[in-house]
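The values are calculated or read from the model by the stated rules, or taken from the named source; none is laboratory data. Everything quoted here is computed from the prediction, not taken from an experiment. Cβ placement follows ideal geometry from the backbone for every residue including glycine, while neighbour counts extend to all protein chains displayed. These area figures cover heavy atoms from the full protein model, side chains too; ligands, DNA and RNA do not enter into them. Shrake-Rupley method; radii C 1.70, N 1.55, O 1.52, S 1.80 Å.
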Amino acid sequence: MPGERIVVVTGASSGIGEATARLLARKGWRCVLVARREDRLRAVADEIGAEVELCDVGDRDAVEAMAARILGRHPQIHLLVNNAGMPARGTFLVVDPETIRRVTDVNYLGGVWCTRALLTGLTSAAAAGERAHVVNLVSVAGTTAFAPAGAYAASKHAQLAFSRSLASALSGSGIAVHAVLPGFVETEGFPQKGVLKSRLLGRFVIQPPRVAEAVLTAVEKGRREVTVPWFPYRPISVLQALVPGVVGRFAGMSDYRPGSV
Ligand SMILES: NC(=O)c1ccc[n+]([C@@H]2O[C@H](COP(=O)([O-])OP(=O)(O)OC[C@H]3O[C@@H](n4cnc5c(N)ncnc54)[C@H](OP(=O)(O)O)[C@@H]3O)[C@@H](O)[C@H]2O)c1
């Protein structure tokens with residue numbers, strides 16, 4: 001439909017991706033929802049009038065096929081939200097090697113493959129004079145090495161580096177790149193309340209709709225990086241850069257309750 005704004009949201013079958021798709025649909029965006037669980041994805045899509053694409057974002061061939069189908073229907077893509085992600089709780093010493101590989105494939109490379117595969121759609125929207133956007137759902141773990149989830153933090157550091165370098169590479173192209181860095185958010189894949197050992201960190205757990213609002217703010221206000229909530233996470237990120245040893249000791253002390261992950 002002419003004038004329609006198209007958004008592709010990966011990982012839209014639950015949590016932050018689902019909340020983001022619901023918010024964007026309410027704001028008039030035409031949503032294409034991407035994930036692997038068909039029943040969950042279709043239930044959300046039916047409610048908000050969205051399209052469904054089943055895809056494992058860690059599988060590059062599958063991503064290219066998915067992008068070709070989307071671009072066949074929508075030659076212009078105005079917003080890509082790279083949100084699909086998985087946890088990898090446990091230190092680098094205990095997490096099994098397959099999980100270390102898989103979390104890198106999904107959390108970091110998944111966004112790389114989706115962005116590359118959908119770039120022609122984003123470029124086409126920008127060429128038509130409409131600003132296009134990529135939002136990468138990173139994490140405070142992208143700036144802070146959180147020992148109890150070491151491989152996850154490493155995947156998120158890589159994802160943030162991807163986001164920052166992509167922003168520079170696309171500067172002046174009409175495609176803006178944003179990173180949203182949530183702290184702890186209560187979701188299916190990442191249960192937080194009651195499993196974090198630190199009661200202090202437990203007090204800062206937020207819900208997915210708050211992150212969805214941060215995604216919208218990043219796009220509407222052109223914010224390059226948004227940490228949500230700002231406190232205590234932004235100061236922690238700055239401290240990590242300035243005094244990594246101190247933050248490392250603090251992050252090493254916090255952990256998840258045994259048997260909860
Ligand atoms: N919750 C937190 O505390 C937190 C904090 C900071 C950042 N984040 C980030 O936020 C993003 C969303 O996580 P969430 O908390 O909303 O968790 P969630 O409720 O478990 O949602 C994860 C979503 O990603 C999809 N997904 C997982 N692996 C996939 C794959 N290989 N291919 C395609 N889709 C896949 C899942 O769908 P299917 O299983 O149906 O494929 C689901 O829709 C992740 O990138 C996560 O790292 C979360």
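For the range 154-185, what are the residues that are open to solvent by 40 Å² or more (accessible area, probe 1.4 Å) and out of contact with any Gly (no Cβ under 9 Å at 6 or more places or on another chain)?
Looking only at the range 154-185, we keep the residues that are open to solvent by 40 Å² or more (accessible area, probe 1.4 Å), and these are 154, 157, 161, 164-165, 168-169, 171-173.
Of everything in the range 154-185, those that are open to solvent by 40 Å² or more (accessible area, probe 1.4 Å) and out of contact with any Gly (no Cβ under 9 Å at 6 or more places or on another chain) turn out to be Ala154, Arg164, Ser165, Ser168, Ala169, Ser171, Gly172, Ser173.
Mind checking which residues of the range 23-41 are touching a residue at least 40 places away in the same chain (Cβ under 8 Å), more than 6 Å from the ligand (Cβ to nearest atom) and either among the aromatic types (Phe, Trp, Tyr) or in contact with a helix residue (DSSP H, G or I) (Cβ under 6 Å, 6 or more places away or on another chain) (or both)?
Leu23, Trp29, Val32
Evaluate the following for Ala151: is it open to solvent by less than 10 Å² (accessible area, probe 1.4 Å) and modelled with pLDDT of 95 or more?
Judged against the criteria, Ala151 is a match.
State all residues of the range 92-115 that are more than 12 Å from the ligand (Cβ to nearest atom) and either in contact with a strand residue (DSSP E or B) (Cβ under 8 Å, 6 or more places away or on another chain) or part of a helix (DSSP H, G or I) (or both); if no residue qualifies, say none.
Pro97, Glu98, Thr99, Ile100, Arg101, Val112, Thr115, listed by residue number.
Counting just the residues of the range 158-201 that are assigned to a loop (DSSP other than H, G, I, E, B) and within 16 Å of the chain's Cα centre (by Cα), which one comes out nearest to Leu137 (Cα to Cα)?
Gly183
Search the range 1-20 for residues being open to solvent by 70 Å² or more (accessible area, probe 1.4 Å) and free of Cβ contacts under 8 Å to residues at least 40 places away in the same chain, and hand back the single one that is nearest to the ligand (Cβ to nearest atom).
The qualifying residue nearest to the ligand (Cβ to nearest atom) is Met1.
Which one of Pro229, Pro209, Pro235 is more than 15 Å from the chain's Cα centre (by Cα) and open to solvent by 20 Å² or more (accessible area, probe 1.4 Å)?
After applying the criteria, what remains is Pro235.
Within the range 131-148, which residues are of a type in the set (S, T, N, Q) and either assigned to a helix (DSSP H, G or I) or open to solvent by 10 Å² or more (accessible area, probe 1.4 Å) (or both)?
Ser139, Thr143, Thr144, listed by residue number.
Quick check: anything in the range 21-35 open to solvent by 20 Å² or more (accessible area, probe 1.4 Å), under 21 Å from Trp113 (Cα atoms) and among the basic types (Lys, Arg)?
no
I'd like to verify a number: residues in the range 171-191 that are free of Cβ contacts under 8 Å to residues at least 12 places away in the same chain and either β-branched (Val, Ile, Thr) or at positive phi (or both), how many?
Total satisfying the criteria: 1.
Is at least one residue of the range 37-48 open to solvent by less than 40 Å² (accessible area, probe 1.4 Å) and within 30 Å of Phe146 (Cβ to Cβ)?
yes
So which pairs qualify, if the first residue must be in the range 196-217 and touching a residue at least 12 places away in the same chain (Cβ under 8 Å), the second must be of a type in the set (Ser, Thr, Tyr) and in a helix (DSSP H, G or I), the Cβ gap must be under 7 Å, and the two must be at least 6 apart or on different chains?
Ala212/Thr20; Val215/Thr20
Across the range 53-68, which residue is farthest from the ligand (Cβ to nearest atom) among those that are closer than 12 Å to Asp105 by Cα and not in a helix (DSSP H, G or I)?
Applying the filter and picking the extreme gives Asp59.
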